[in-house]
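Trainee: Can you read through this structure? Questions will come right after.
The values are calculated or read from the model by the stated rules, or taken from the named source; none is laboratory data. Please read these numbers as outputs of a predicted model, since none were measured by experiment. In this analysis, Cβ positions are derived from the backbone assuming ideal geometry, glycine residues included, and neighbour counts consider all displayed protein chains.
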Amino acid sequence: MPAQPAQSPVSVLGLGLMGTALAAALLKAGHPTTVWNRTAAKTGPLAAQGATPADTAKDAIEASPLVIVCLTTNTDVRALLEPEADALAGRTVVNLTNGTPSQARELDSWAAAHGITYLDGGIMAVPQMIATPGAYILYSGTDEAAFAAHRDTLSALADTKWVGKDPGLAALYDLSLLTGMYGMVMGVAQAFALIGSEGVPAREFAPLLSEWIVAMTHGLVPSGAAALDSGQHLTDVSNLAMNRTAFPNFTSTFTEQGLRSDLFAPFQDLLDRAVEQGHGADGLSRLATLLKKG
Ligand code: FVH
(Lines give C-alpha, C1' and ligand atoms only; values in the text may rest on other atoms or scores of the structure.)
Protein backbone atom coordinates (compact mmCIF):
# COMPACT_ATOMS: atom_id res chain seq x y z
CA MET A 1 0.00 0.00 0.00
CA PRO A 2 1.46 3.43 -0.93
CA ALA A 3 2.41 5.58 2.07
CA GLN A 4 -0.06 8.39 2.84
CA PRO A 5 1.45 11.87 2.40
CA ALA A 6 2.27 13.29 5.84
CA GLN A 7 -0.08 16.04 6.95
CA SER A 8 1.63 19.19 8.19
CA PRO A 9 1.70 19.97 11.91
CA VAL A 10 -0.57 22.68 13.30
CA SER A 11 -0.82 24.33 16.72
CA VAL A 12 -4.06 25.71 18.12
CA LEU A 13 -4.02 28.36 20.87
CA GLY A 14 -7.37 28.78 22.65
CA LEU A 15 -9.66 25.85 23.26
CA GLY A 16 -13.00 27.46 23.88
CA LEU A 17 -16.01 26.04 22.06
CA MET A 18 -14.64 27.15 18.69
CA GLY A 19 -10.95 26.38 19.26
CA THR A 20 -11.86 22.88 20.42
CA ALA A 21 -13.94 22.28 17.28
CA LEU A 22 -11.09 23.58 15.08
CA ALA A 23 -8.49 21.36 16.75
CA ALA A 24 -10.79 18.32 16.54
CA ALA A 25 -11.25 18.91 12.80
CA LEU A 26 -7.49 19.11 12.25
CA LEU A 27 -6.98 15.86 14.16
CA LYS A 28 -9.71 14.17 12.15
CA ALA A 29 -7.96 15.26 8.94
CA GLY A 30 -4.74 13.65 10.18
CA HIS A 31 -2.73 16.74 11.14
CA PRO A 32 -0.35 16.35 14.07
CA THR A 33 -2.02 18.93 16.34
CA THR A 34 -0.51 20.63 19.36
CA VAL A 35 -2.98 22.42 21.63
CA TRP A 36 -2.69 25.01 24.38
CA ASN A 37 -5.30 26.71 26.51
CA ARG A 38 -5.01 29.15 29.41
CA THR A 39 -7.16 26.80 31.50
CA ALA A 40 -5.17 23.63 30.96
CA ALA A 41 -8.02 21.20 31.77
CA LYS A 42 -9.64 21.99 28.40
CA THR A 43 -6.85 20.12 26.57
CA GLY A 44 -8.05 16.78 28.04
CA PRO A 45 -10.75 15.79 25.50
CA LEU A 46 -8.48 16.72 22.58
CA ALA A 47 -5.54 14.79 24.03
CA ALA A 48 -7.88 11.78 24.13
CA GLN A 49 -8.42 12.29 20.36
CA GLY A 50 -4.65 12.35 19.71
CA ALA A 51 -3.65 15.99 20.23
CA THR A 52 -0.42 16.91 21.99
CA PRO A 53 -1.09 19.26 24.90
CA ALA A 54 1.58 21.93 25.42
CA ASP A 55 2.43 23.29 28.87
CA THR A 56 2.96 26.81 27.58
CA ALA A 57 1.87 28.88 24.59
CA LYS A 58 5.55 29.12 23.60
CA ASP A 59 5.87 25.32 23.53
CA ALA A 60 2.78 25.09 21.32
CA ILE A 61 4.05 27.80 18.96
CA GLU A 62 7.42 26.09 18.58
CA ALA A 63 5.75 22.80 17.62
CA SER A 64 4.35 23.95 14.23
CA PRO A 65 4.96 26.31 11.31
CA LEU A 66 1.24 27.18 11.36
CA VAL A 67 -0.32 28.59 14.54
CA ILE A 68 -4.09 29.07 14.73
CA VAL A 69 -5.39 31.41 17.44
CA CYS A 70 -9.02 31.59 18.57
CA LEU A 71 -9.57 33.57 21.78
CA THR A 72 -12.41 35.73 23.05
CA THR A 73 -11.14 39.10 21.75
CA ASN A 74 -8.20 40.56 19.86
CA THR A 75 -7.11 42.28 23.06
CA ASP A 76 -6.60 38.76 24.47
CA VAL A 77 -4.73 37.77 21.28
CA ARG A 78 -2.40 40.74 21.60
CA ALA A 79 -1.74 39.99 25.27
CA LEU A 80 -0.95 36.35 24.48
CA LEU A 81 1.16 36.80 21.35
CA GLU A 82 3.22 39.90 22.15
CA PRO A 83 5.50 38.19 24.69
CA GLU A 84 5.98 35.29 22.22
CA ALA A 85 7.18 37.37 19.25
CA ASP A 86 10.58 35.64 19.11
CA ALA A 87 9.02 32.17 19.06
CA LEU A 88 6.52 33.27 16.39
CA ALA A 89 9.14 34.77 14.03
CA GLY A 90 9.25 32.84 10.74
CA ARG A 91 5.87 31.16 11.38
CA THR A 92 2.38 31.88 10.09
CA VAL A 93 -0.31 32.99 12.54
CA VAL A 94 -3.93 32.55 11.48
CA ASN A 95 -6.10 34.59 13.83
CA LEU A 96 -9.71 33.38 13.82
CA THR A 97 -10.80 35.54 16.75
CA ASN A 98 -13.74 37.84 16.00
CA GLY A 99 -12.60 41.45 15.80
CA THR A 100 -12.62 44.70 13.86
CA PRO A 101 -10.82 45.56 10.59
CA SER A 102 -8.59 48.07 12.40
CA GLN A 103 -7.59 45.46 15.01
CA ALA A 104 -6.63 43.06 12.21
CA ARG A 105 -4.52 45.74 10.52
CA GLU A 106 -2.80 46.57 13.82
CA LEU A 107 -2.02 42.90 14.46
CA ASP A 108 -0.68 42.59 10.92
CA SER A 109 1.64 45.59 11.41
CA TRP A 110 2.87 44.22 14.73
CA ALA A 111 3.48 40.79 13.18
CA ALA A 112 5.30 42.22 10.15
CA ALA A 113 7.62 44.18 12.45
CA HIS A 114 8.60 40.88 14.12
CA GLY A 115 9.03 38.71 11.02
CA ILE A 116 5.74 36.89 11.60
CA THR A 117 3.34 36.14 8.71
CA TYR A 118 -0.19 37.16 9.72
CA LEU A 119 -3.50 36.03 8.23
CA ASP A 120 -6.80 37.19 9.63
CA GLY A 121 -9.92 35.07 9.44
CA GLY A 122 -13.65 35.33 10.00
CA ILE A 123 -15.49 32.12 10.83
CA MET A 124 -18.94 31.93 9.24
CA ALA A 125 -20.10 28.97 11.30
CA VAL A 126 -20.92 27.89 14.83
CA PRO A 127 -18.68 25.22 16.42
CA GLN A 128 -21.05 22.38 15.49
CA MET A 129 -20.77 23.35 11.81
CA ILE A 130 -16.96 23.14 11.64
CA ALA A 131 -15.81 20.61 9.03
CA THR A 132 -19.36 20.19 7.70
CA PRO A 133 -20.77 21.38 4.34
CA GLY A 134 -21.97 24.99 4.37
CA ALA A 135 -19.35 26.24 6.83
CA TYR A 136 -16.73 28.62 5.52
CA ILE A 137 -13.97 30.86 6.78
CA LEU A 138 -13.00 34.21 5.22
CA TYR A 139 -9.30 35.01 5.02
CA SER A 140 -7.27 38.13 4.26
CA GLY A 141 -3.66 39.23 4.68
CA THR A 142 -0.74 40.88 2.96
CA ASP A 143 0.93 37.55 2.15
CA GLU A 144 -1.44 35.72 -0.21
CA ALA A 145 1.28 33.15 -0.90
CA ALA A 146 1.23 32.13 2.79
CA PHE A 147 -2.51 31.57 2.50
CA ALA A 148 -1.99 29.48 -0.64
CA ALA A 149 0.71 27.45 1.14
CA HIS A 150 -1.61 26.62 4.06
CA ARG A 151 -4.89 26.46 2.17
CA ASP A 152 -5.10 22.65 2.14
CA THR A 153 -4.58 22.52 5.90
CA LEU A 154 -7.13 25.28 6.51
CA SER A 155 -9.63 23.42 4.32
CA ALA A 156 -9.86 20.80 7.08
CA LEU A 157 -11.72 23.41 9.16
CA ALA A 158 -14.23 24.66 6.60
CA ASP A 159 -14.35 25.94 3.03
CA THR A 160 -11.84 28.74 2.53
CA LYS A 161 -12.71 32.11 0.96
CA TRP A 162 -9.85 34.50 0.24
CA VAL A 163 -11.12 38.10 0.27
CA GLY A 164 -7.99 40.17 -0.31
CA LYS A 165 -4.62 41.53 0.70
CA ASP A 166 -5.88 44.21 3.07
CA PRO A 167 -5.67 42.33 6.42
CA GLY A 168 -8.86 44.07 7.60
CA LEU A 169 -11.04 42.64 4.83
CA ALA A 170 -11.89 39.30 6.45
CA ALA A 171 -13.21 41.13 9.52
CA LEU A 172 -15.07 43.61 7.29
CA TYR A 173 -16.80 40.79 5.35
CA ASP A 174 -17.47 38.89 8.58
CA LEU A 175 -19.06 41.90 10.32
CA SER A 176 -21.02 42.82 7.17
CA LEU A 177 -22.49 39.31 6.94
CA LEU A 178 -23.26 39.30 10.66
CA THR A 179 -24.87 42.74 10.32
CA GLY A 180 -27.37 41.20 7.89
CA MET A 181 -27.92 38.33 10.32
CA TYR A 182 -28.48 40.58 13.36
CA GLY A 183 -30.94 42.70 11.42
CA MET A 184 -32.85 39.50 10.70
CA VAL A 185 -32.57 38.42 14.36
CA MET A 186 -34.20 41.70 15.43
CA GLY A 187 -36.99 41.23 12.91
CA VAL A 188 -37.58 37.63 13.95
CA ALA A 189 -37.69 38.59 17.64
CA GLN A 190 -40.28 41.32 16.95
CA ALA A 191 -42.31 39.02 14.67
CA PHE A 192 -42.51 36.26 17.30
CA ALA A 193 -43.41 38.81 19.97
CA LEU A 194 -46.18 40.25 17.77
CA ILE A 195 -47.77 36.96 16.74
CA GLY A 196 -47.38 35.69 20.30
CA SER A 197 -49.23 38.73 21.67
CA GLU A 198 -52.46 37.02 20.55
CA GLY A 199 -51.42 33.60 21.83
CA VAL A 200 -50.35 32.07 18.49
CA PRO A 201 -47.68 29.46 19.33
CA ALA A 202 -44.27 30.31 17.87
CA ARG A 203 -43.90 26.81 16.37
CA GLU A 204 -47.14 27.25 14.39
CA PHE A 205 -45.93 30.57 12.95
CA ALA A 206 -42.29 29.53 12.38
CA PRO A 207 -42.70 27.79 8.97
CA LEU A 208 -44.51 30.83 7.52
CA LEU A 209 -41.87 33.16 8.89
CA SER A 210 -38.91 31.16 7.55
CA GLU A 211 -40.44 30.81 4.08
CA TRP A 212 -41.22 34.51 3.99
CA ILE A 213 -37.70 35.54 5.03
CA VAL A 214 -36.08 33.20 2.48
CA ALA A 215 -38.35 34.49 -0.32
CA MET A 216 -37.72 38.14 0.60
CA THR A 217 -33.96 37.53 0.85
CA HIS A 218 -33.87 35.97 -2.60
CA GLY A 219 -35.74 38.96 -3.98
CA LEU A 220 -34.24 41.87 -2.10
CA VAL A 221 -30.54 41.03 -1.86
CA PRO A 222 -29.68 40.53 -5.58
CA SER A 223 -31.96 43.31 -6.81
CA GLY A 224 -30.66 45.67 -4.09
CA ALA A 225 -27.08 44.91 -5.08
CA ALA A 226 -27.82 45.58 -8.77
CA ALA A 227 -29.50 48.89 -7.89
CA LEU A 228 -26.64 49.98 -5.65
CA ASP A 229 -23.95 49.13 -8.19
CA SER A 230 -25.80 50.89 -11.04
CA GLY A 231 -27.11 53.81 -8.96
CA GLN A 232 -30.60 53.15 -10.41
CA HIS A 233 -32.96 52.97 -7.40
CA LEU A 234 -36.25 53.93 -9.08
CA THR A 235 -38.81 51.16 -8.67
CA ASP A 236 -42.31 50.22 -9.73
CA VAL A 237 -42.53 47.54 -7.02
CA SER A 238 -42.40 48.94 -3.51
CA ASN A 239 -41.28 52.53 -3.19
CA LEU A 240 -40.10 54.40 -0.12
CA ALA A 241 -43.06 56.82 -0.04
CA MET A 242 -45.47 53.87 0.24
CA ASN A 243 -43.32 52.15 2.86
CA ARG A 244 -43.08 55.36 4.89
CA THR A 245 -46.86 55.81 4.89
CA ALA A 246 -47.48 52.18 5.89
CA PHE A 247 -44.81 51.95 8.56
CA PRO A 248 -46.80 53.56 11.43
CA ASN A 249 -49.14 50.54 11.12
CA PHE A 250 -46.30 48.44 12.53
CA THR A 251 -45.26 50.71 15.37
CA SER A 252 -48.89 51.43 16.36
CA THR A 253 -49.73 47.73 16.38
CA PHE A 254 -46.71 46.97 18.55
CA THR A 255 -47.96 49.56 21.03
CA GLU A 256 -51.59 48.35 20.87
CA GLN A 257 -50.44 44.79 21.49
CA GLY A 258 -48.45 45.84 24.56
CA LEU A 259 -45.03 45.54 22.90
CA ARG A 260 -42.04 47.82 22.74
CA SER A 261 -41.33 49.43 19.38
CA ASP A 262 -37.79 50.70 20.03
CA LEU A 263 -36.17 48.21 17.63
CA PHE A 264 -38.22 49.53 14.73
CA ALA A 265 -38.48 53.26 15.54
CA PRO A 266 -35.11 54.04 13.85
CA PHE A 267 -36.40 52.50 10.63
CA GLN A 268 -39.28 55.00 10.57
CA ASP A 269 -36.72 57.79 11.01
CA LEU A 270 -34.72 56.44 8.06
CA LEU A 271 -37.81 56.22 5.83
CA ASP A 272 -38.80 59.77 6.81
CA ARG A 273 -35.33 61.06 5.98
CA ALA A 274 -35.28 59.22 2.63
CA VAL A 275 -38.61 60.70 1.52
CA GLU A 276 -37.78 64.18 2.84
CA GLN A 277 -34.57 64.10 0.78
CA GLY A 278 -36.57 63.41 -2.38
CA HIS A 279 -36.16 59.63 -2.71
CA GLY A 280 -39.84 58.68 -2.32
CA ALA A 281 -40.04 57.01 -5.75
CA ASP A 282 -36.95 54.87 -5.09
CA GLY A 283 -36.95 51.32 -3.79
CA LEU A 284 -35.58 50.04 -0.49
CA SER A 285 -32.10 49.76 -2.05
CA ARG A 286 -31.78 53.56 -1.67
CA LEU A 287 -31.58 53.21 2.13
CA ALA A 288 -28.01 51.86 2.08
CA THR A 289 -26.87 55.15 0.53
CA LEU A 290 -28.33 57.16 3.43
CA LEU A 291 -26.32 55.53 6.22
CA LYS A 292 -23.08 57.45 5.83
CA LYS A 293 -22.38 59.90 8.65
CA GLY A 294 -22.16 63.61 7.87
N1 FVH B 1 -18.90 30.11 19.20
C2 FVH B 1 -19.46 30.67 18.14
O3 FVH B 1 -20.55 30.33 17.74
C4 FVH B 1 -18.78 31.79 17.35
C5 FVH B 1 -18.77 31.49 15.89
C6 FVH B 1 -18.02 32.52 15.08
C7 FVH B 1 -16.68 32.87 15.68
N8 FVH B 1 -16.82 33.17 17.10
C9 FVH B 1 -15.63 33.80 17.68
O10 FVH B 1 -14.63 32.82 18.00
C11 FVH B 1 -13.88 33.27 19.13
C12 FVH B 1 -13.86 32.20 20.21
O13 FVH B 1 -15.19 31.87 20.51
P14 FVH B 1 -15.53 30.62 21.46
O15 FVH B 1 -16.95 30.26 21.18
O16 FVH B 1 -14.50 29.59 21.35
O17 FVH B 1 -15.43 31.34 22.90
P18 FVH B 1 -15.23 30.66 24.32
O19 FVH B 1 -15.82 29.31 24.35
O20 FVH B 1 -15.76 31.66 25.30
O21 FVH B 1 -13.64 30.53 24.48
C22 FVH B 1 -12.79 31.64 24.62
C23 FVH B 1 -11.34 31.16 24.60
O24 FVH B 1 -10.47 32.30 24.75
C25 FVH B 1 -9.57 32.02 25.82
N26 FVH B 1 -9.12 33.28 26.38
C27 FVH B 1 -9.87 34.37 26.69
N28 FVH B 1 -9.10 35.35 27.14
C29 FVH B 1 -7.82 34.90 27.13
C30 FVH B 1 -6.57 35.46 27.47
N31 FVH B 1 -6.48 36.72 27.93
N32 FVH B 1 -5.47 34.69 27.34
C33 FVH B 1 -5.55 33.43 26.87
N34 FVH B 1 -6.70 32.83 26.53
C35 FVH B 1 -7.83 33.56 26.66
C36 FVH B 1 -10.35 31.16 26.77
O37 FVH B 1 -9.48 30.51 27.66
P38 FVH B 1 -10.03 29.87 29.04
O39 FVH B 1 -11.08 30.85 29.58
O40 FVH B 1 -10.63 28.55 28.71
O41 FVH B 1 -8.84 29.78 29.92
C42 FVH B 1 -11.03 30.21 25.78
O43 FVH B 1 -10.13 29.24 25.34
C44 FVH B 1 -14.53 34.58 19.60
O45 FVH B 1 -13.83 35.68 19.07
C46 FVH B 1 -15.92 34.50 18.98
O47 FVH B 1 -16.51 35.77 18.77
C48 FVH B 1 -17.37 32.07 17.86
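Trainee: Can we say residue 124 is touching a strand residue (DSSP E or B) at 6+ places or on another chain (Cβ under 7 Å), at pLDDT 95 or above and within 16 Å of the ligand (Cβ to nearest atom)? Spell out the reasoning first.
Mentor: Numbers: touching a strand residue (DSSP E or B) at 6+ places or on another chain (Cβ under 7 Å): yes; at pLDDT 95 or above: yes; within 16 Å of the ligand (Cβ to nearest atom): yes.
For residue 124, the condition - touching a strand residue (DSSP E or B) at 6+ places or on another chain (Cβ under 7 Å), at pLDDT 95 or above and within 16 Å of the ligand (Cβ to nearest atom) - is met.
Trainee: Hey, another quick one. Residue check: is residue 251 surrounded by 11 or more Cβ atoms within 10 Å (Cβ to Cβ) and out of contact with any helix residue (DSSP H, G or I) (no Cβ under 7 Å at 6 or more places or on another chain)?
Mentor: Here the answer is no, as residue 251 does not meet what is asked.
Trainee: Here's a follow-up. In the list 83, 2, which residue meets the criterion of being modelled with pLDDT under 95 and more than 10 Å from the ligand (Cβ to nearest atom)?
Mentor: Working: 83 fails: modelled with pLDDT under 95.
The match here is 2.
Trainee: Scan region 128-147 for residues that are over 12 Å from the mean Cα position of the chain (by Cα) and either crowded, with 17+ Cβ neighbours inside 10 Å or more than 14 Å from the ligand (Cβ to nearest atom) (or both) and jot them down. Before the answer, list the steps.
Mentor: Restricting attention to region 128-147, the residues satisfying the condition of being over 12 Å from the mean Cα position of the chain (by Cα) are 128-134, 140-147.
Result: 130, 131, 133, 140, 141, 142, 143, 144, 145, 146, 147.
Trainee: Can you tell me which residue within region 148-164, out of those that are out of contact with any strand residue (DSSP E or B) (no Cβ under 7 Å at 6 or more places or on another chain) and assigned to a helix (DSSP H, G or I), is surrounded by the fewest Cβ atoms within 10 Å (Cβ to Cβ)? Give the steps one after another, and end with the answer.
Mentor: Here is the first cut: in region 148-164, the residues out of contact with any strand residue (DSSP E or B) (no Cβ under 7 Å at 6 or more places or on another chain) are 148-149, 152, 155-156.
In the following step, the residues that additionally are assigned to a helix (DSSP H, G or I) were identified as 148-149, 152.
Working: 148: 10, 149: 15, 152: 12.
Out of the qualifying residues, it is 148.
Trainee: Residue 91 versus (1) touching a residue at least 12 places away in the same chain (Cβ under 8 Å); (2) within 12 Å of the ligand (Cβ to nearest atom); (3) surrounded by fewer than 21 Cβ atoms within 10 Å (Cβ to Cβ): which is the lone unmet condition?
Mentor: Only one criterion is unmet by residue 91, namely (2).
Trainee: Out of 40, 21, 48, report the one residue that is of a type in the set (A, V, I, L, M, F, W, C) and away from the ligand (no atom under 13 Å from the Cβ).
Mentor: Values: 40 fails: away from the ligand (no atom under 13 Å from the Cβ); 21 fails: away from the ligand (no atom under 13 Å from the Cβ).
Of 40, 21, 48, the one residue that is of a type in the set (A, V, I, L, M, F, W, C) and away from the ligand (no atom under 13 Å from the Cβ) is 48.
Trainee: Please state which of the following conditions residue 167 fails to meet, knowing it meets all the rest: (1) touching a residue at least 60 places away in the same chain (Cβ under 8 Å); (2) in a helix (DSSP H, G or I).
Mentor: Only one criterion in (1) touching a residue at least 60 places away in the same chain (Cβ under 8 Å); (2) in a helix (DSSP H, G or I) is unmet by residue 167, namely (2).
Trainee: Next question, about the same structure. Hey, could you check region 59-79 for residues that are within 13 Å of the ligand (Cβ to nearest atom) and of a type in the set (D, E, K, R) and say which is nearest to residue 109 (Cα to Cα)?
Mentor: Result: 78.
Trainee: Just need a number here: residues in region 177-229 that are on the phi > 0 side of the Ramachandran plot and aliphatic (A, V, I, L, M). So that I can check it myself, show each step before the final result.
Mentor: Here is the first cut: in region 177-229, the residues on the phi > 0 side of the Ramachandran plot are 199.
Pick out the ones that are also aliphatic (A, V, I, L, M) and you get none.
Going through region 177-229 one residue at a time, the tally reaches 0.
Trainee: Any residue at all in region 125-132 that's under 21 Å from residue 65 (Cβ atoms), not aliphatic (A, V, I, L, M) and not in a strand (DSSP E or B)? Step through it out loud before you land on a result.
Mentor: Step one: filter region 125-132 for residues under 21 Å from residue 65 (Cβ atoms), giving none.
Within region 125-132, none of the residues are under 21 Å from residue 65 (Cβ atoms), not aliphatic (A, V, I, L, M) and not in a strand (DSSP E or B).
Trainee: Please verify whether residue 27 is in a helix (DSSP H, G or I) and more than 16 Å from the ligand (Cβ to nearest atom), treating the condition exactly as stated. Spell out how you get there, then give the answer.
Mentor: Working: in a helix (DSSP H, G or I): yes; more than 16 Å from the ligand (Cβ to nearest atom): yes.
For residue 27, the condition - in a helix (DSSP H, G or I) and more than 16 Å from the ligand (Cβ to nearest atom) - is met.
Trainee: Looking at 47, 41, 6, 25, which is the one that is out of contact with any helix residue (DSSP H, G or I) (no Cβ under 9 Å at 6 or more places or on another chain), aliphatic (A, V, I, L, M) and within 18 Å of residue 119 (Cβ to Cβ)?
Mentor: Working: 47 fails: within 18 Å of residue 119 (Cβ to Cβ); 41 fails: within 18 Å of residue 119 (Cβ to Cβ); 6 fails: within 18 Å of residue 119 (Cβ to Cβ).
Unique residue meeting the criteria: 25.
Trainee: On to the next question. Could you tell me whether residue 96 is within 13 Å of the ligand (Cβ to nearest atom) and either among the small types (Gly, Ala, Ser) or buried (at least 19 other Cβ atoms within 10 Å of the Cβ) (or both)? It would help to see each step written out before you state the result.
Mentor: On the way: within 13 Å of the ligand (Cβ to nearest atom): yes; either among the small types (Gly, Ala, Ser) or buried (at least 19 other Cβ atoms within 10 Å of the Cβ) (or both): yes.
Considered against the rule, which asks whether it is within 13 Å of the ligand (Cβ to nearest atom) and either among the small types (Gly, Ala, Ser) or buried (at least 19 other Cβ atoms within 10 Å of the Cβ) (or both), residue 96 comes out as yes.
Trainee: Separate question: How do the helices (runs of 4 or more DSSP H) wholly within region 182-290 filter down when requiring 2 or more residues that are outside the structural domain of residue 124 (by TED's automatic domain parsing), farther than 24 Å from residue 124 by Cβ and of a type in the set (Asp, Glu): which remain? Talk me through it step by step, then tell me what you get.
Mentor: Numbers: elements: 202-230, 240-256, 265-276.
Helices (runs of 4 or more DSSP H) meeting the threshold: 265-276.
Trainee: Select, from 92, 132, 100, the only residue that is closer than 16 Å to residue 17 by Cβ and of a type in the set (S, T, N, Q). Lay out the reasoning, then the answer.
Mentor: Numbers: 92 fails: closer than 16 Å to residue 17 by Cβ; 100 fails: closer than 16 Å to residue 17 by Cβ.
Exactly one residue qualifies, and that residue is 132.
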